[in-house]
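Structure first, then comments.
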Amino acid sequence: MNMLITGGSGFIGTNFIRYLLLDSDFDGRIINVDLLTYAGNPENLKDIEKDFPGRYAFIQADICDKEKLASIFNEFDIDTVCHFAAESHVDRSIVAPDAFIQTNIIGTFNLLQIVRDRQKQISRFHHISTDEVFGSLGADGFFTETTPYDPSSPYSASKASSDHLVRAYHRTYGLPATISNCSNNYGPYQFPEKLLPLMILNALEGKALPVYGDGKNIRDWLYVEDHCQAIWEIIKRGKTGETYNIGGNCEMENLSLVQMLCDMVDELAPAKHKTSRRELITFVKDRPGHDRRYAIDASKLKNDLGWTPKTDLKSGLQKTIAWYMEHPDWVKSVKTGEYRNWIKQHYK
Ligand code: NAD
Ligand code: TYD
């Protein structure tokens with residue numbers, strides 16, 4: 001298998017590449033194509049680059065650059081695509097939606113066109129999407145694969161659009177595509193703008209913990225390694241033309257989650273004067289269009305491919321907090337943008 005992974009230097013892509021090469025039965029070659037926006041950090045994979053010289057290659061490229069992408073498909077004889085690359089943060093999409101339309105919609109369209117031109121050599125195009133395409137749930141119920149799309153933010157609208165394109169290319173041109181829609185991921189290597197890494201680092205540094213609105217919005221939390229396993233199962237054994245929901249079975253209100261995290265940080269890194277990190281929680285103005293509740297019914301993935309999440313929220317959070325505590329250099333490099341110098345030296 002010659003697998004093109006887009007966005008492999010971001011949070012989930014990094015974990016997926018590490019999982020494939022270090023922990024799974026994958027025996028092929030990976031070509032990671034990533035533009036290295038603020039969210040992409042190839043330093044995450046520098047040991048992989050060294051340890052798997054024949055099986056891992058990195059190319060800095062924009063998925064909107066059709067010519068460059070086409071030459072990569074030809075040079076590396078790509079037969080499988082796993083598409084992560086995206087602008088991924090809702091708050092950024094509210095302030096500046098342009099890049100979301102460009103990368104998430106036009107970039108996906110470009111990839112689809114290239115794959116369509118080489119249909120004979122492509123055995124799978126797997127598209128990574130989000131449960132946010134389904135909009136907001138009330139107090140009850142779960143998103144299933146047939147829940148109608150109803151996106152609220154420019155981010156989720158752009159992901160919904162890309163999902164529709166992938167599905168249309170399957171139906172119209174017979175593209176061997178699969179799609180997965182997952183809930184909120186957490187774990188190592190996540191950029192500290194998303195809720196959990198932001199709260200972990202602020203709690204460790206004694207800074208305010210900004211909770212939007214009343215803190216009663218509910219998310220389902222999926223440990224990133226569980227997500228990576230699910231994606232690999234879908235690529236290997238999922239049926240083309242199908243969509244799979246991936247959930248963590250860990251629904252929680254934001255405020256309760258942040259409180260739980262505060263208590264864990266207190267235990268792992270007691271604060272000076274033994275104060276509780278809960279005192280740092282600050283309610284701030286709500287996000288516009290803030291979806292109230294997400295919850296996933298992942299029974300199709302369980303019934304068809306035997307996948308269920310293995311990590312409960314408590315142990316996943318413990319591992320995640322420990323990872324951030326054990327990687328102060330990574331945190332410093334990401335927060336100061338220092339890794340950009342490393343990129344300049346290695347890739348320009
Ligand atoms: P991320 O923001 O951490 O990483 C995105 C990566 O894509 C970065 O490495 C960035 O450099 C790259 N990229 C951005 N624009 C590009 C372009 N034009 N060309 C090439 N590369 C580009 O995102 P993530 O959290 O790892 O999310 C990966 C995928 O999973 C996204 O498609 C996202 O929508 C989806 N998703 C994420 C979550 C989550 O909780 N993080 C949940 C559901 C779905
Ligand atoms: P986020 O990590 O941005 O993921 P998403 O919006 O894709 O679900 O946010 C998760 C939840 O946490 C969401 O309900 C918004 C909330 N939130 C806060 O309360 N404070 C914050 O500082 C952030 C970033 C998010």
If you check Glu233, Glu251, Glu225, which single one turns out to be over 17 Å from the mean Cα position of the chain (by Cα), more than 10 Å from ligand 2 (Cβ to nearest atom), of a type in the set (D, E, K, R) and open to solvent by 10 Å² or more (accessible area, probe 1.4 Å)?
-> Glu251
Report, by residue number, each residue of the range 63-84 that is open to solvent by less than 50 Å² (accessible area, probe 1.4 Å) and either touching a Ser or Thr at 6+ places or on another chain (Cβ under 8 Å) or free of Cβ contacts under 8 Å to residues at least 40 places away in the same chain (or both).
-> Ile63, Cys64, Asp79, Thr80, Val81, Cys82, His83, Phe84
Residues located in the range 62-79, provided they are more than 14 Å from ligand 1 (Cβ to nearest atom) and touching a strand residue (DSSP E or B) at 6+ places or on another chain (Cβ under 9 Å) = Phe73, Glu75, Phe76, Asp77, Ile78, Asp79
Among the residues of the range 132-188, the number that are touching a Lys or Arg at 6+ places or on another chain (Cβ under 8 Å), aliphatic (A, V, I, L, M) and outside any strand (DSSP E or B) is 4
Could you please let me know if Gly40 is over 24 Å from Arg171 (Cα atoms), away from ligand 2 (no atom under 16 Å from the Cβ), small (Gly, Ala, Ser) and within 19 Å of the chain's Cα centre (by Cα)?
-> yes
Lone unmet requirement of (1) free of Cβ contacts under 8 Å to residues at least 60 places away in the same chain; (2) within 14 Å of ligand 1 (Cβ to nearest atom) for Phe52 | (2)
Single unsatisfied condition, Lys120 versus (1) open to solvent by 60 Å² or more (accessible area, probe 1.4 Å); (2) within 16 Å of ligand 2 (Cβ to nearest atom); (3) without any contact (Cβ under 8 Å) to a residue 24 or more places away in the chain; (4) not hydroxyl-bearing (Ser, Thr, Tyr) | (2)
Selection over the range 176-193 where residues are closer than 21 Å to Arg18 by Cα and out of contact with any helix residue (DSSP H, G or I) (no Cβ under 7 Å at 6 or more places or on another chain) yields a count of 1
Filtering helices (runs of 4 or more DSSP H) wholly in the range 250-330 for at least 2 residues that are basic (Lys, Arg) gives 299-305, 313-326
Residues of the range 183-218 being within 16 Å of ligand 1 (Cβ to nearest atom), aliphatic (A, V, I, L, M), in contact (Cβ under 8 Å) with a residue 24 or more places away in the chain and closer than 24 Å to Val133 by Cα, which ones?
-> Leu195, Leu196, Ile218
Would you be able to tell me the number of residues in the range 123-149 that are open to solvent by 40 Å² or more (accessible area, probe 1.4 Å) and of a type in the set (Gly, Ala, Ser)?
-> 4
Examine the range 85-104 for a residue that is away from ligand 1 (no atom under 15 Å from the Cβ) and open to solvent by less than 30 Å² (accessible area, probe 1.4 Å), and state whether such a residue exists.
-> no
Mind checking whether some residue in the range 231-240 is out of contact with any helix residue (DSSP H, G or I) (no Cβ under 6 Å at 6 or more places or on another chain), over 24 Å from Ser333 (Cβ atoms), within 16 Å of ligand 1 (Cβ to nearest atom) and polar (S, T, N, Q)?
-> no
Being within 11 Å of ligand 1 (Cβ to nearest atom), in contact with a helix residue (DSSP H, G or I) (Cβ under 7 Å, 6 or more places away or on another chain) and of a type in the set (S, T, N, Q) narrows Ser153, Ser162 down to just Ser162
Take the range 197-222 and flag every residue that is open to solvent by 50 Å² or more (accessible area, probe 1.4 Å) and aromatic (Phe, Trp, Tyr).
-> Tyr212
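The values are calculated or read from the model by the stated rules, or taken from the named source; none is laboratory data. It should be emphasised that the depicted structure is a prediction, and the values quoted were computed from it without experimental measurement. Virtual Cβ from ideal backbone geometry, glycine too; neighbours counted across all protein chains shown. Heads up: the accessible areas ignore ligands, DNA and RNA and are worked out on the full protein's heavy atoms, side chains in. Shrake-Rupley method; radii C 1.70, N 1.55, O 1.52, S 1.80 Å.
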